[in-house]
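Reviewing the structure listed below.
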């Protein structure tokens, strides 16, 4: 879970720099299940959560040639925040 906090903080910092806005994270959800299940859990946490998320593919390695761990970080912002992020990234 701590690795998720560190990665989430790093992504939030990068988004903050790109958008020029403060990015705050809520308590993360850790899941080893399919992303749809994690999204469902996030939506159940608050009514302001949209049904869309930013999916960030992540690979962790500890030593060159050592074990490699692939995963996804899902950021599930409110719809207003997602619109602002996508506009800043020039996706919209």
Every residue from region 6-48 that is under 11 Å from the mean Cα position of the chain (by Cα), closer than 19 Å to residue 88 by Cβ and not in a loop (DSSP other than H, G, I, E, B): 8, 9, 10, 11, 12, 15
Failed item, numbered, when residue 52 is tested on (1) in contact (Cβ under 8 Å) with a residue 12 or more places away in the chain; (2) in a helix (DSSP H, G or I): (2)
Some residue of region 27-46 being at pLDDT 80 or above, touching a helix residue (DSSP H, G or I) at 6+ places or on another chain (Cβ under 8 Å) and surrounded by 14 or more Cβ atoms within 10 Å (Cβ to Cβ): no
Within region 49-82, tally of residues that are over 15 Å from the mean Cα position of the chain (by Cα) and at negative phi: 10
Among the candidates 66, 9, residue that is modelled with pLDDT of 85 or more and either in contact with a strand residue (DSSP E or B) (Cβ under 7 Å, 6 or more places away or on another chain) or over 20 Å from residue 85 (Cα atoms) (or both): 66
When residues of region 1-20 are limited to those that are touching a helix residue (DSSP H, G or I) at 6+ places or on another chain (Cβ under 7 Å) and farther than 14 Å from residue 56 by Cα, the one surrounded by the fewest Cβ atoms within 10 Å (Cβ to Cβ): 18
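Tell me the residue from 61, 87 that is free of Cβ contacts under 8 Å to residues at least 12 places away in the same chain and touching a strand residue (DSSP E or B) at 6+ places or on another chain (Cβ under 9 Å), please. Can you show your working first?
Values: 87 fails: touching a strand residue (DSSP E or B) at 6+ places or on another chain (Cβ under 9 Å).
Result of the check over 61, 87: 61.
The values are calculated or read from the model by the stated rules, or taken from the named source; none is laboratory data. Predicted model only: the values in this text are computed from it and were never measured. Cβ coordinates were reconstructed from backbone atoms using ideal geometry, including for glycine residues, and neighbour counts include every protein chain displayed.
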